[in-house]
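Have a look at the structure below before the remarks.
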Amino acid sequence: MTAEGPAPAPSPSPAPAGRERNDAMWLLAGWVVLSVAGCLLVYFAWGPHLPPGNMSSSAASQQFDNRVLGTVATPVVVGVLLYFGWALAFWRQKEGDDTDAAPIYGNTRIAVTWIAVTAAIVLGLAVFGTYELIAPAGAGAGEGPQPIWKPNSSSVLQVQVIGQQWAFTYRYPQFGGFETTQLVLPLNQPVQFNVTSLDVIHSFWAINLGVKADANPGVNNVAYTTPRKTGTFTVRCSELCGLWHGAMFDYGTVVSPARFLTWAHTTAIQLAPVTKMLPPYALTYDPTVLANLGKVNTELGLTGAGGGYYNPADPEQP
Ligand SMILES: [Cu+2]
């Protein structure tokens, strides 16, 4: 039974009943054989190469989703192409034949079958999609400031992603809150991305990790993943954010936990003088304060509530 179309229409010329039955049986048999072969090919041969790969828990679950969706779609595609090809090959109008095929209007069996099969596919995929979003801790998507679906782990690495025109920077609050352009993650460690922006709306898209979360100014958008393979992954801004949006990309790396700790401690020490000048770690930052970042003057030893910034509201500052 095909899901995508009416059963084989009768041939244009009034054909004997036996001929119609043969068409229907051949079509059905061909559809079953090609669908089974196609589903196996899509799931097992093509599936492991589908995006976004399997570099992290969320990427792997998205790849599984794509394999399932591709496999479910295969019988539909095979049915449409087979019916189309069959009609072209065998149901052509013959010379001098002005008759029309029998109308399928009013065929209750086809109508009921059509509605039942398409409803089952759509509702089944809705249930599957909902489960697949919830079970893998939000599936790598931004869950907003109060995430409901969290990883089952007591130790989660916090990484803040800050978008601004036109670069991403990353803060590591569990290592003194240093801010760097490097995104380094340890293998097999659940990560919580806290994504925010300093200006317009950006979107943090760690493609190979299957993580995508909008970066909105004044909002903390949380997304989870667990890296499962070492290597390099691509980060792109996925929200049109101005002139150099297209250049707003970089690369992150997944390394062993030992290498990560070495990198984090070394970087924390290297950047300590800069970290002191940064605003204290927070889930969001006030862009009207940050606009004055370029006016930091350490030689004047400006300190106080602003953490060392030039504060236009402070009369004692130059
Ligand atoms: Cu952007």
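The values are calculated or read from the model by the stated rules, or taken from the named source; none is laboratory data. Keep in mind the model is a prediction, meaning the values are calculated, not measured. Counting neighbours? That spans all protein chains shown, and the Cβs are built from the backbone with ideal geometry, glycine included. With ligands, DNA and RNA removed, areas are computed over all heavy atoms of the protein, side chains included. Shrake-Rupley method; radii C 1.70, N 1.55, O 1.52, S 1.80 Å.
May I ask which residue of Gln174, Ala135, Ala116 lies farthest towards the positive end of the charge dipole of segment 76-230, with charges of +1 (Lys, Arg) and -1 (Asp, Glu) on Cβ and the Cα centre as origin? It is Gln174. Using 14 Å as the cut-off for backbone N distance, which residues of segment 158-198 belong to the label zone defined by a point 7 Å from the Cα of Ser256 along Cα→Cβ? Those under the cut-off are 186-188.
What the phi angles of segment 260-265 give under the Karplus curve with 6.51, -1.76 and 1.60, with θ = phi - 60°, is a coupling list of 4, 4, 4, 4, 5, 5 Hz, glycine and proline written as x. To the nearest 10, the accessible area of Leu240 is 140 Å² with a 1.4 Å probe. Full extension of the chain between Asn107 and Leu88 gives 4.5 nm of extra length, using 0.36 nm per residue less the Cα-Cα distance. Length gained on full extension, Val274 to Leu81, computed as 0.36 nm times the residue gap minus the Cα-Cα distance: 63.3 nm.
Debye sum, Cα scatterers, segment 98-224, no solvent: what log₁₀ I/I(0) at q = 0.13 1/Å? Once normalised to I(0) and log-transformed, intensities are -0.62. Amide H contacts under 5 Å for Leu185: Thr253, Val254, Val255, restricted to partners 5 or more places along the chain or on a different chain, H placed in the peptide plane at 1.01 Å from N.
Note on Gln174 and Val156: the extension gain reaches 5.5 nm, defined as 0.36 nm multiplied by sequence separation minus the Cα-Cα distance.
Summing Lys and Arg as +1 and Asp and Glu as -1 over all other residues whose Cβ lies under 14 Å from the Cβ of Gln62 gives a net charge of +1. Label sites at Ile134 and Gln182, each approximated as a point 7 angstrom past Cα along Cα to Cβ, lie 4.1 nm apart.
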